[in-house]
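K.L.:
Just passing along the structure, written as structure tokens.
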Amino acid sequence: MYQLVGTGFKEGDVLRLQLKYNASKTYDLPCTLTQMGVAAQMPEGIETGSYRLTVVRGGESQLIGLTNLVVMDQIPAGAQVIAHRGAWNTTNASQNSVASLKNALAMNVYGSETDVWSTSDGHLMINHDATINGINIENSTYAQVKDQKLKNGETIPQLQDFLNILKTSTSPTKLVLELKEHSTDSRNEEVAKAVVAAVKAAGVQDKVEYISFSLAGCKTFAKEAAGTRVAYLKGGVAPAELHQYGLTGIDYNIAEFRDHPEWVKQAHDLGMSTNVWTVDATKDMAAMTNLGIDFISTNKPTEATVIKTYYDEASKSGK
Ligand code: MG
């Protein structure tokens, strides 16, 4: 059923759907009034596309606007939600802060993503940018970085702080660790090893996953943490190639999946996962879910959870 929410509808109104780029495909659908507006049965054979939607009443018609219809045999379950840089959007928590991690854990979303840099003397720090308050983390010592403050007043966290929280948390939410791209491949390999060692020492191997723009870093993760999901972020590489390197997922920008929707099935056929970043518009969340994507990384985990719930329920009821 196609549901249109609104007021002013009358018994006998007809919804006219006209394919935007092919006006010969026009469907007139008798409506029934509902509490929220009107509902109409979709005709057999209607195709996916952008349609002009008009209400026809007797000899008069009123254009409502454009509507995008997606035709599918089966509604997929909702994509899992990963809070990008923690859950910070609706609170005063800074991105990648302890507070943002705790918020994500409290939401019980699938994952909380965070970014890891190493200082020049091997301390693993949580920060998105290469610099914090003008100090380049990779080229600075721990002593030079450790007292820097985030916008919410917190001191820059270390990876160890996050692992300690994970250790005592009963939340099912996983920590998705992004190794930031350091200046050389050998540095990326070295830092990836150090990250896995810290995770193992904390005993939270089953609560983390790994991602990186560095292919060298991803390959190291796959070697050092076999059995844990490792996904490549940069895009431009088909799943089969990454599979050869032992990676278990693709985690690409939405533009990559628009250009290569076939990569979703290719990845799944290889037993690999698919993750899209960073999706904040609900229509994009729906489009990516329709494509069969497994995970959505978003700055809006609350909205993404609403979309996930909608799909989970619709896929069960078959509507
Ligand atoms: Mg990141």
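Only the coordinates and a few stated rules stand behind these numbers; no lab work does. Because the structure is a prediction, the values reported are computed rather than measured. Here the Cβ is made from the backbone with ideal geometry for all residues, glycine too, and neighbour counts use every protein chain on show.
K.L.:
Charges at C-beta only: +1 for Lys and Arg, -1 for Asp and Glu. How large is the resulting dipole of region 104-155 about its Cα centre, in Debye rounded to 20?
P.N.:
Values: 3 positive and 7 negative charges, 32 e Å.
With Lys and Arg at +1 and Asp and Glu at -1, about 160 debye.
K.L.:
Please tell me which of these pairs span more than 24 angstrom C-alpha to C-alpha: Lys200/Lys234; Lys265/Lys316; Lys149/Lys200; Lys102/Lys234? Intermediate values should be presented prior to the final figure.
P.N.:
Values: Lys200/Lys234 26 Å; Lys265/Lys316 22 Å; Lys149/Lys200 28 Å; Lys102/Lys234 28 Å.
Violating the 24 Å limit, Cα to Cα: Lys200/Lys234; Lys149/Lys200; Lys102/Lys234.
K.L.:
Can you pull the percent of Cα pairs in the chain with separation above 24 Å?
P.N.:
Details: 30393 of 50721 pairs.
Percent of Cα pairs beyond 24 Å in the chain: 60.
K.L.:
Here's another thing I want to ask about it. Label-point separation (nm) for Ala255 and Lys283, each offset 7 Å from Cα along Cα-to-Cβ?
P.N.:
1.9
K.L.:
Based on the Cβ-Cβ distance of Val237 and Leu33, what FRET efficiency does E = 1/(1 + (r/R0)^6) give at R0 = 41 Å, to the nearest 0.05?
P.N.:
Values: r = 52 Å, r/R0 = 1.27.
Rounded to the nearest 0.05, the efficiency is 0.20.
K.L.:
I've got another one for you. Using a 10 Å Cβ count of at most 11 others and DSSP loop calls, identify the longest part of the chain lacking such GluC sites (Glu not before Pro). If you can, show how the numbers build up before the last one.
P.N.:
Numbers: sites that count: Glu11, Glu44, Glu47.
Value returned for the longest uninterrupted segment is 48-319.
K.L.:
Follow-up question, since we're still on this one. For Ser61 and Gln244 in one chain, what is 0.36 nm times their gap in residues minus the Cα-Cα distance, to one decimal in nm? Can you show the working numbers first?
P.N.:
Values: separation 183, 0.36 × 183 = 65.88 nm, distance 5.79 nm.
Difference between extended and current length: 60.1 nm.
K.L.:
Could you give the DSSP H helices of the chain that reach 20 angstrom or more along their long axis (alpha carbon positions) and whose average Kyte-Doolittle hydropathy is no lower than -0.5? Write out the running numbers ahead of the final one.
P.N.:
Details: long enough: 185-202 (26 Å, 0.03); 301-317 (24 Å, -0.82).
Result, helices passing both filters: 185-202.
K.L.:
Quick one: Asp73, Asp115, fewest Cβ neighbours within 10 Å first, how do they rank? Each step should come with its number before you reach the end.
P.N.:
Values: Asp73 4, Asp115 19.
Going from sparsest to densest Cβ surroundings: Asp73, Asp115.
K.L.:
Could you work out how far the C-alpha centroid of region 31-79 sits from that of region 256-275, in angstrom?
P.N.:
First find each Cα centre; the distance between them is then 29 Å.
K.L.:
To the nearest 500 deg cm²/dmol, what mean residue ellipticity at 222 nm is calculated for the chain from DSSP H runs of n ≥ 4 alone, each contributing -39,500 (n - 2.57), summed and divided by the residues?
P.N.:
It lands at -9000 deg cm²/dmol.
K.L.:
For the chain, with a Gaussian network of springs between Cα atoms less than 10 Å apart, report the residue from Met72, Met125, Met107 with the top mean-square fluctuation.
P.N.:
Met72
K.L.:
So, one more: Would you look at the GNM of the chain, springs on alpha carbons closer than 10 Å, and say which of Asp251, Asp13, Asp284 moves the most?
P.N.:
Asp13
K.L.:
Please give the length that would be gained between Ala226 and Glu262 if that part of the chain were fully extended, namely 0.36 nm times their separation in residues minus their C-alpha to C-alpha distance (nm, one decimal).
P.N.:
Details: separation 36, 0.36 × 36 = 12.96 nm, distance 2.65 nm.
Using 0.36 nm per residue and subtracting the Cα-Cα distance, I get 10.3 nm.
K.L.:
Taking θ = phi - 60°, what integer Hz values does the Karplus form 6.51 cos²θ - 1.76 cosθ + 1.60 yield along region 118-135, in sequence order, with x for Gly and Pro?
P.N.:
These are the phi-based 3J(HN,Hα) values: 10, 6, 5, 9, x, 8, 8, 10, 9, 6, 7, 6, 5, 10, 10, 6, x, 9 Hz.
K.L.:
Taking +1 at the Cβ of each Lys and Arg and -1 at the Cβ of each Asp and Glu, which of Val14, His123, Val70 sits farthest along the dipole of the chain towards its positive end, judged by Cα position relative to the Cα centre?
P.N.:
Result: Val14.
K.L.:
Treat every Asp and Glu Cβ in the chain as -1 and every Lys and Arg Cβ as +1, leave all other atoms uncharged, and give the resulting dipole magnitude about the Cα centre to the nearest 20 debye.
P.N.:
Working: 29 positive and 35 negative charges, 100 e Å.
With Lys and Arg at +1 and Asp and Glu at -1, about 480 debye.
K.L.:
Near the amide H of Ile211, under 5 Å away, which other amide H atoms are found, from residues 5 or more places off or on another chain, if H is placed in the peptide plane?
P.N.:
For Ile211, the qualifying residues are Leu177, Glu178, Leu179, Ala231.
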